[in-house]
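Worksheet for the structure shown next.
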Amino acid sequence: MKLSIVLALLVSAIAEGHYTFPSVVPSISTDAIRCYEHDAGKGAPGILNVTAGQTLNYNAKASISHPGPMAVYIAKVPAGQTAATCDGKGKVWSKIYQDYPTISGSITWPSQGQKSIGVKIPQCLHNGDYLLRAEHIGLHSASSAGGAQCYVSCAQISVSGGSGTFSPRNQVSFPGAYQATDPGIMINIYYPVPKSYTPPGPAVESC
């Protein structure tokens, strides 16, 4: 997998992933929705070793300015491949993180204005290589189909120390997980202010 992300291990307990949202994925039906490549043909410098249960902090180059949900997915690399060679195709993605908005006169998300999002790698994962996919969906122009803006970046990681009991119930593919008219993707967040919000995709998997 050729990716645009650079990752560096800071201390034994915490890994930090530096990533930018350099461009908008123009359509949720294109392959770019899976793992956007900032520099096509240039692979990531390596695979980051992480321990199951560890927290990875994704640090954006600039703060996340658009309103909308943040989600993180993970995909186990098949036997015989590595995170550097896996393309992430098929129903292999499990959601491990999802934020939800606060609705009170207006609708706001925890990621708004943030420069760092911490994501815990599930303790129950099987050991081995994974692709880790971070996604933010900008909903500031999402009142019509095609208006939502998807910002995506992936990391190559190798997990150790997991209990090996992870058994996801709702794996999805990218593209395929979302439709342009899903209520969490096509929505007017300004007026009238929504009374509730349902994020797109599957539920978060738990150990």
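The values are calculated or read from the model by the stated rules, or taken from the named source; none is laboratory data. Worth saying up front: this structure is predicted, and the values here are computed from it rather than measured. Glycine gets a Cβ as well: all are built from the backbone with ideal geometry, and neighbour counts include every protein chain shown. With ligands, DNA and RNA removed, areas are computed over all heavy atoms of the protein, side chains included. Shrake-Rupley method; radii C 1.70, N 1.55, O 1.52, S 1.80 Å.
Some values worked out for this structure:
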item	result
Residues being open to solvent by 50 Å² or more (accessible area, probe 1.4 Å) and not in a strand (DSSP E or B) - total across the range 44-62	4
One residue from PRO192, PRO168, PRO183 being surrounded by fewer than 14 Cβ atoms within 10 Å (Cβ to Cβ) and over 21 Å from SER29 (Cα atoms)	PRO192
Of all residues making up the range 196-207, the number that are more than 19 Å from MET70 (Cβ to Cβ) and either open to solvent by less than 60 Å² (accessible area, probe 1.4 Å) or modelled with pLDDT of 95 or more (or both)	0
Lone unmet requirement of (1) buried (at least 21 other Cβ atoms within 10 Å of the Cβ); (2) at pLDDT below 95 for PRO69	(2)
Subset of the range 103-119 that is more than 26 Å from CYS207 (Cβ to Cβ) and out of contact with any strand residue (DSSP E or B) (no Cβ under 6 Å at 6 or more places or on another chain) - its residue that is least open to solvent (accessible area, probe 1.4 Å)	ILE107
Complete set of residues in the range 149-165 that are at pLDDT 95 or above, polar (S, T, N, Q) and open to solvent by less than 70 Å² (accessible area, probe 1.4 Å)	SER158, SER160
Qualifying positions in the range 80-97 - surrounded by fewer than 17 Cβ atoms within 10 Å (Cβ to Cβ) and at pLDDT 90 or above	GLY80, GLN81, THR82, LYS89, GLY90, LYS91
Qualifying residue in the range 136-159 (condition: over 23 Å from PRO101 (Cβ atoms) and either of a type in the set (Phe, Trp, Tyr) or in contact with a His (Cβ under 6 Å, 6 or more places away or on another chain) (or both))	no
Evaluation of GLY80 against (1) more than 18 Å from PRO200 (Cβ to Cβ); (2) in contact (Cβ under 8 Å) with a residue 24 or more places away in the chain (one fails), failing number	(2)
Members of the range 20-43 found to be of a type in the set (Val, Ile, Thr) and either modelled with pLDDT of 85 or more or open to solvent by less than 40 Å² (accessible area, probe 1.4 Å) (or both), listed by number	VAL25, ILE28, ILE33
Qualifying residue in the range 120-129 (condition: under 15 Å from the mean Cα position of the chain (by Cα) and open to solvent by less than 40 Å² (accessible area, probe 1.4 Å))	yes
